[in-house]
Amino acid sequence: MRRTWVYIDGVAYEKGTEPTSDAPIVMPDIKPYQSMIDGTMITSRSQHREHLRQHGCQELGNEPLKWLDKPYTGIPDANPQGRKELIRAQVNEMTHKEFKQAVKRDLDRLKWNSNY
């Protein structure tokens, strides 16, 4: 039996007990997703781990940050000129009001995330 607890105002109260199972717990494979690094489709957990390893990345969760073996050099940009053209096209499609809102939002982010 496994006992579970809940904390209310810093006091632990036992919720009850749950029966434990002797059956193995099977974790399903991950759902396919498109990599934010280079746009490839990742379709399995093993491919996900290999993809992270190839690009010097690590998955972060609630565990403490561990430094990589090699220094961070930034995400490789497969097509920097294409990225500039995409950003230019997106800005050109904005209205003046949308552009002013975007600039204000970015300045607010800088203000709140700076050390000044």
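Since every read-out is calculated from the coordinates, none of them should be taken as a lab result. Remember, it's a predicted structure, so these values are computed and weren't measured experimentally. Positions of Cβ are generated from backbone atoms using ideal geometry, with glycine treated the same way; all protein chains shown enter the neighbour counts.
Rounded to the nearest 0.05, what FRET efficiency do Lys31 and Ala78 give with R0 = 30 Å and r taken as the Cβ-Cβ distance? Could you check?
Computed FRET efficiency for Lys31 and Ala78: 0.80.
Would you mind computing, in nm to one decimal, how far apart the modelled labels at Ala12 and Met41 are, each placed 7 Å from Cα along Cα→Cβ?
4.8 nm
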